[in-house]
Amino acid sequence: MVNKTKNYALIRKAVESDANEISHLVANLSHFYLNDEQADLPEWFANTLDIKEFKHRLSNDYFTHLVAVLNNQIAGYIAMRGENHLYHLFVAEQHQGKGIARDLWQHMVSISPSDSYTLRSSIHAIPVYQQFGFIKDGESGERDGICYQEMLFKT
């Protein structure tokens, strides 16, 4: 499965050998989900961003992973847990605002159809998900300096 996006990014299934690059991409965006952008990530959360954890999830059939590749580098990453929980969606800062997140989302929905989707969004990303059609589902929350908003998308 390989698709070209309108941004000329190549969307393909992520593989275990992508773990290092994906981990680096996600860790570099951590300031977007912390209350205090200068704070360290809580240990429990930092552990989920470890390369070994990405390798584990990439080899787990319970997750579906895609990457957007631009100029031979991973510019975006999306992961669906189970059939309908958007687990991760990240786009490198220099590529944000170019539609790569939308392309990844639309491609994921096309291969993981469901009546509804859930996610736990960073506060920063709420407007992006609202553009996709997600709505807030309950009050926002916070755990160890990480703020989030439960969201829901119904088809």
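The values are calculated or read from the model by the stated rules, or taken from the named source; none is laboratory data. Bear in mind that the values here come from a model prediction, so they are computed numbers and not experimental data. Because the Cβ atoms are built from the backbone with ideal geometry, glycine has one as well, and the counts that use them run over all protein chains shown.
The figures follow:
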read-out	value
Unmet requirement for Asp36, which otherwise passes all of (1) loosely packed, with under 13 Cβ neighbours inside 10 Å; (2) in a helix (DSSP H, G or I); (3) of a type outside the set (A, V, I, L, M)	(2)
Set Asp18, Asp36: member being farther than 30 Å from Pro113 by Cα and either more than 13 Å from the chain's Cα centre (by Cα) or of a type outside the set (Ser, Thr, Tyr) (or both)	Asp36
Test: residue in segment 105-119 that is among the hydrophobic types (A, V, I, L, M, F, W, C), over 11 Å from the mean Cα position of the chain (by Cα) and under 16 Å from Ala27 (Cβ atoms)	no
Any pair with Cβ under 9 angstrom, 6 or more apart, that starts in segment 111-128 at a residue that is touching a residue at least 12 places away in the same chain (Cβ under 8 Å) and over 17 Å from Phe45 (Cα atoms) and ends at one that is part of a strand (DSSP E or B) and of a type in the set (Ser, Thr, Tyr)	Ile111/Thr64; Ser112/Thr64; Val128/Ser121
Subset of segment 62-106 [outside any strand (DSSP E or B), in contact (Cβ under 8 Å) with a residue 60 or more places away in the chain and closer than 20 Å to Arg120 by Cβ]	Leu104
Conditions (1) more than 21 Å from Gln130 (Cα to Cα); (2) touching a helix residue (DSSP H, G or I) at 6+ places or on another chain (Cβ under 9 Å); (3) not aromatic (Phe, Trp, Tyr): number failed by Asn72	(2)
Residues located in segment 107-140, provided they are aromatic (Phe, Trp, Tyr) and part of a helix (DSSP H, G or I)	Tyr129, Phe132
Residue selected from segment 47-61 under the condition loosely packed, with under 13 Cβ neighbours inside 10 Å and without any contact (Cβ under 8 Å) to a residue 40 or more places away in the chain, by the criterion nearest to Ser140 (Cα to Cα)	Asn47
Residue match in segment 125-142 (condition: under 25 Å from Ser59 (Cβ atoms), surrounded by 19 or more Cβ atoms within 10 Å (Cβ to Cβ) and either touching a helix residue (DSSP H, G or I) at 6+ places or on another chain (Cβ under 8 Å) or of a type in the set (S, T, N, Q) (or both))	no
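Every residue, every condition in (1) surrounded by fewer than 18 Cβ atoms within 10 Å (Cβ to Cβ); (2) in contact with a Ser or Thr (Cβ under 6 Å, 6 or more places away or on another chain); (3) aromatic (Phe, Trp, Tyr); (4) modelled with pLDDT of 90 or more, yes or no:
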position: His31; (1), (2), (3), (4): yes, no, no, no
position: Asn72; (1), (2), (3), (4): yes, no, no, yes
position: Met80; (1), (2), (3), (4): no, yes, no, yes
position: Ala92; (1), (2), (3), (4): no, no, no, yes
position: Gln96; (1), (2), (3), (4): yes, no, no, yes
position: Ile100; (1), (2), (3), (4): no, no, no, yes
position: Trp105; (1), (2), (3), (4): no, no, yes, yes
